[in-house]
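Report on the structure given below.
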Amino acid sequence: AQSVTQPDIHITVSEGASLELRCNYSYGATPYLFWYVQSPGQGLQLLLKYFSGDTLVQGIKGFEAEFKRSQSSFNLRKPSVHWSDAAEYFCAVGYNTDKLIFGTGTRLQVFP
Amino acid sequence: GAGVSQSPRYKVAKRGQDVALRCDPISGHVSLFWYQQALGQGPEFLTYFQNEAQLDKSGLPSDRFFAERPEGSVSTLKIQRTQQEDSAVYLCASSREGQPQHFGDGTRLSIL
């Protein structure tokens, strides 16, 4: 069955520290992979996407993610976190740009 | 507007009442998706339209849920005889073919 696992429910980091949010997927075909961010009471904003090609993709707000086929992973990273990055982060997979399967999310808290 | 617009933002209904949730996609986006997001969970797919055709409704939880997009633009998600477990945020997304989905801010539905 197709699924997405985000092992970390809640992560707390200090402002300026580096960040890595984990995402593992189970999917029958070569997936399209996405990271979305959701602030309280708002919809989801696309951070970055992987369709094909270079496995290290750059996104908005200084985020990047690396697709590792051998590990079925698509981890999100940022070298230096800002207080405004506090939000809920969702990893998602799909075939082409069809319906998306989301993970349960990782809540990021940033301390000054 | 420039983004996906959903209305109302909040809806409170008594158990057993019917509700209708509206989605205005981004102009020119042929694909439209509905997702249900329970508290503390990731969004779950409900249904998908390409123009006015409903191509996938596999995620609708019961026959009380009905979605339409009669002219290939605005879409309405209707829930009949609402039950407490229908309480959730309902997210609408739209996209151009082959492009990532853009999400609205959602409708928070509370069933009393």
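Bear in mind these aren't lab numbers, they're just calculated from the coordinates by the rules spelled out. Everything numeric in this text was worked out from a predicted model, so none of it was measured. FYI the Cβ positions are ideal-geometry reconstructions off the backbone, even for glycines, and counts take in every protein chain you see.
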Give me the one-decimal nm value for the distance between modelled label points at residue A:83 and residue A:58, 7 Å along each residue's Cα-to-Cβ direction.
2.8 nm
Which residue, B:44, B:85, B:52, has the most motion in a Gaussian network model of chain B that connects Cα atoms within less than 10 Å?
B:85
Distance in nm between label sites at residue A:109 and residue B:57, each 7 Å beyond Cα in the beta-carbon direction?
4.3 nm
What residue among B:39, B:21, B:91 shows peak mean-square fluctuation when chain B is described by a Gaussian network model with Cα springs under 10 Å?
B:39
Above-threshold pairs, the threshold being 23 Å between Cα atoms, out of B:14/B:78; A:49/A:78; B:14/B:57; A:99/B:14; A:49/A:99
B:14/B:57; A:99/B:14
Could you work out which residue, out of B:58, B:73, B:31, moves most in a Gaussian network model of chain B, that is, has the largest mean-square fluctuation with Cα springs under 10 Å?
B:58
Given an 8 Å cut-off on Cα distances and at least 6 residues of separation, report the relative contact order of chain A as a percent.
38 percent
